[in-house]
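One structure below.
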Amino acid sequence: MRRVTISVLTLVILAAFVSVALAQAPPPAWKQGQPPEMASSPLAPIPLPPTPTPASQIPVGKIKLPPGFSISVWADGLHNARQMVWGARGTLFVGTRVANQVYAVVDRGGRRAVKVIAKGLAQPSGVAFKDGALYVAEIPRILKYENIEANLDSPPAPKVVYEFPQGAHHNWRFLMFGPDGKLYFNMGAPCNFCMPPDTHANVSRVNPDGTGFEYVAFGVRNSTGADFHPVTKELYFVSHGRDWAGDDFPNDTLHHAPRKGLHFGFPYCHQGDAIDPDFGKGRSCSEFAPPLLKLGAHVAPIGTRFYTGSLFPAQYRNRLFIAQKGSWNRTVKQGYRIMTVELKPGAAPKYEVFAEGCHEGDKALCRPTHIEWMSDGSMLVSDDMHGAIYHITYKR
Amino acid sequence: MEAGRKKASPCAACHGPDGNAATPGTPSLAGQPAWFTHWALIKYRDGRRKDPLMSPFAANLSDADMADLAAYYAAQPPQARPQVVDPAKAAEGRRLVDAHHCTSCHRPDLSGQHHVPRIAGQDLVYLVRLLRAYRAQTVGDLDGFMTAAAQPLSDAAIESLAHYMATLPASPSGR
């Protein structure tokens with residue numbers, strides 16, 4: 001029944017598309033929603049270099065950290081590295097977007113070997129691991145590679161676990177297992193700004209075998225990272241605000257979803273407090289779950305992980321780390337950093353810089369993307385511009 | 001540059017010694033943004049683009065080979081292609097370039113930038129073939145923007161766009 005609904009919807013969208021095309025075709029997705037007076041704006045998404053940067057040329061020394069912390073390049077040669085996840089036997093799996101590949105990094109006595117274990121996938125940015133199997137979320141599907149760590153040199157053909165409804169833009173995904181053993185992912189709005197089809201603009205979950213699909217959070221423009229609180233086990237996720245509405249509006253946001261089914265406002269209400277002049281007519285922001293925190297406009301939060309280790313000073317325990325890839329749709333760059341959020345019951349969230357220095361004026365020097373923790377409590381950060389993974393550690 | 005010049009010798013038969021091709025159907029590489037040529041080679045190597053000549057050639061290239069070739073061709077001055085263009089189609093194509101937002105990524109003079117190719121002054125037959133391939137989704141693009149842009153194009157619109165692009169001066173991208 002659901003499939004029938006989708007195909008009818010697809011036809012309606014297609015019909016609208018064709019009728020528009022006779023006069024004016026839709027602009028490229030990144031430009032959609034740009035007001036006419038900004039038509040000659042030089043702002044555009046930051047293009048990705050065709051090759052990863054060798055470790056010796058990555059300006060990792062520009063990254064500033066709190067006292068006692070240090071950063072180094074842990075692995076390079078991972079073109080377009082995005083989400084990371086550990087296998088049970090110590091393999092680090094790394095997804096990508098436009099490199100269309102998935103990597104496995106094997107640590108051999110301090111030297112890291114990088115293997116390509118899957119290629120030709122459609123923006124396979126999300127990776128998750130459970131019971132010996134690697135799960136990869138690409139735009140059309142979730143794939144499962146069983147017993148992967150015993151077969152890194154000749155990976156098994158994947159099983160298709162789940163097929164997503166169509167829509168490429170904003171549908172590269174994060175993927176992770178929740179404390180309930182289910183796979184969580186985003187289905188972003190297929191536009192900069194629009195009334196999304198019912199199937200999109202949400203965070204959702206399925207069982208590891210692809211059954212039991214459920215929407216978890218509605219009205220989410222594009223969530224690119226999430227985690228579950230180490231104590232309460234409740235879901236926290238970030239979302240990107242729309243483009244072309246100003247340098248400082250709307251904010252990207254951090255959300256808290258203590259239960260499923262909440263609506264977070266897209267496209268009716270921006271950043272919890274600004275009703276949209278078109279889609280929000282007759283609505284009120286009070287109808288929707290407000291964000292827990294405004295993160296800044298265009299900062300592009302991605303990697304979102306709670307710290308549960310004990311290597312970092314005690315104040316970091318259970319804090320949320322948010323990597324921010326940084327802005328493109330803003331005249332002065334913002335983001336390009338890692339922030340932390342302290343969440344204490346009854347207190348306002350405390351939002352602090354952890355790592356910064358990844359841009360100088362208009363030049364992007366590095367782009368912190370996703371976060372994964374080492375077993376000793378130190379931190380790995382991927383950089384999809386340089387195709388590298390950094391190691392951030394702490395010494396008293 | 002010198003490394004790229006040497007590595008480009010097998011390419012010269014089709015693309016010309018300096019990347020200015022003369023054969024209809026073969027694109028000119030001179031003055032193309034280096035990242036465009038490099039990404040195109042990556043796509044031939046990983047199968048997102050397929051061609052009986054280019055696929056086997058790219059299969060054996062390293063990232064360094066691709067970077068050398070891309071830098072060499074980016075530095076060569078592009079020349080106009082001698083080709084017969086239909087002025088009526090070109091006039092219609094000029095209108096369609098605006099209606100289909102080609103300049104959003106390819107720049108106002110269609111000279112390309114970053115990973116986006118120069119299409120001004122490119123070969124007519126090649127432009128038609130590639131636009132049809134994007135429409136048929138038999139050629140993969142990085143981010144889906146060209147695939148989306150090609151979907152509403154009729155055969156006639158593709159012809160017109162190509163005729164207009166072919167009339168434009170082949171100015172180098174400059175980046």
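What strands (runs of 3 or more DSSP E) completely inside region A:127-201 contain at least 1 residues that are at pLDDT 95 or above and closer than 30 Å to A:Ile275 by Cα?
Hits in region A:127-201: A:183-187.
For region B:148-156, state whether one or more residues are at pLDDT 95 or above, outside the structural domain of B:Pro27 (by TED's automatic domain parsing), under 11 Å from the mean Cα position of the chain (by Cα) and closer than 20 Å to B:Ala88 by Cα.
Checked against the condition, which is being at pLDDT 95 or above, outside the structural domain of B:Pro27 (by TED's automatic domain parsing), under 11 Å from the mean Cα position of the chain (by Cα) and closer than 20 Å to B:Ala88 by Cα, region B:148-156 yields no hits at all.
Give me a count of the residues in region A:101-137 that are within 21 Å of B:Asp143 (Cα to Cα), in contact with a strand residue (DSSP E or B) (Cβ under 6 Å, 6 or more places away or on another chain) and of a type outside the set (A, V, I, L, M). Break it down into steps so the answer makes sense when it comes.
Quick first cut of region A:101-137, residues within 21 Å of B:Asp143 (Cα to Cα) only: A:101-103, A:116, A:118-127, A:136-137.
Still in the running and in contact with a strand residue (DSSP E or B) (Cβ under 6 Å, 6 or more places away or on another chain): A:101-103, A:116, A:118-119, A:124-127, A:136-137.
This time we only want the ones that are of a type outside the set (A, V, I, L, M), so: A:101, A:103, A:119, A:124-126.
Number satisfying all stated conditions: 6.
Name, by its number, the condition in (1) away from chain A (no Cβ under 12 Å); (2) among the hydroxyl-bearing types (Ser, Thr, Tyr); (3) closer than 23 Å to A:Asn100 by Cβ that does not hold for B:Thr37.
(1)
Before we move on, is B:Leu124 away from chain A (no Cβ under 14 Å), surrounded by 20 or more Cβ atoms within 10 Å (Cβ to Cβ) and among the hydrophobic types (A, V, I, L, M, F, W, C)?
yes
Looking at region A:317-372, what strands (runs of 3 or more DSSP E) fall wholly within it and have at least 2 residues that are more than 22 Å from A:Val94 (Cα to Cα) and at pLDDT 95 or above?
It comes to A:337-342, A:350-355.
Would you call A:Pro140 closer than 22 Å to B:Asp141 by Cα and not basic (Lys, Arg)?
Against the criterion (closer than 22 Å to B:Asp141 by Cα and not basic (Lys, Arg)), A:Pro140 qualifies.
Which of the residues that make up region B:1-17 are in contact (Cβ under 8 Å) with a residue 60 or more places away in the chain, part of a loop (DSSP other than H, G, I, E, B) and surrounded by 13 or more Cβ atoms within 10 Å (Cβ to Cβ)?
B:Ala8
Please enumerate the residues belonging to region B:131-158 that are more than 23 Å from A:Leu121 (Cβ to Cβ), away from every other protein chain (no Cβ under 11 Å) and either among the small types (Gly, Ala, Ser) or surrounded by 20 or more Cβ atoms within 10 Å (Cβ to Cβ) (or both).
Taking region B:131-158 and keeping what is more than 23 Å from A:Leu121 (Cβ to Cβ), we get B:131-132, B:152-158.
Okay, now just the ones that are also away from every other protein chain (no Cβ under 11 Å), so B:131-132, B:155-156, B:158.
Those that are more than 23 Å from A:Leu121 (Cβ to Cβ), away from every other protein chain (no Cβ under 11 Å) and either among the small types (Gly, Ala, Ser) or surrounded by 20 or more Cβ atoms within 10 Å (Cβ to Cβ) (or both): B:Leu131, B:Ala156, B:Ile158.
Could you tell me whether region A:347-362 includes any residue that is in contact (Cβ under 8 Å) with a residue 24 or more places away in the chain, within 17 Å of the chain's Cα centre (by Cα) and over 23 Å from A:Arg173 (Cβ atoms)?
no
Checking the condition touching a residue at least 40 places away in the same chain (Cβ under 8 Å), over 30 Å from A:Gly33 (Cβ atoms), in contact with an Asp or Glu (Cβ under 7 Å, 6 or more places away or on another chain) and surrounded by fewer than 23 Cβ atoms within 10 Å (Cβ to Cβ), which residue from A:Val106, A:Val85 passes?
Values: A:Val106 fails: in contact with an Asp or Glu (Cβ under 7 Å, 6 or more places away or on another chain).
Just one listed residue meets the conditions, A:Val85.
Can you say whether A:Ala113 is over 18 Å from A:Glu146 (Cβ atoms) and over 21 Å from the mean Cα position of the chain (by Cα), as far as the supplied structure shows?
It is true that A:Ala113 is over 18 Å from A:Glu146 (Cβ atoms) and over 21 Å from the mean Cα position of the chain (by Cα).
Take the residues in region B:71-84 that are hydrophobic (A, V, I, L, M, F, W, C) and at pLDDT 95 or above; name whichever of them is surrounded by the most Cβ atoms within 10 Å (Cβ to Cβ). If you could, list the steps in order and put the result at the bottom.
Kept after step one, since they are hydrophobic (A, V, I, L, M, F, W, C), are these residues of region B:71-84: B:71, B:74-75, B:80, B:84.
Subsequent filtering for residues that are at pLDDT 95 or above retains B:71, B:74-75.
Details: B:Ala71: 16, B:Ala74: 25, B:Ala75: 16.
Filtering region B:71-84 for residues that are hydrophobic (A, V, I, L, M, F, W, C) and at pLDDT 95 or above, the one surrounded by the most Cβ atoms within 10 Å (Cβ to Cβ) comes out as B:Ala74.
The values are calculated or read from the model by the stated rules, or taken from the named source; none is laboratory data. What you are looking at is a predicted structure, and each value in this text was computed from that prediction instead of being measured. All Cβ positions, even for glycine, are placed from backbone atoms using ideal geometry, and neighbour counts span all protein chains on display.
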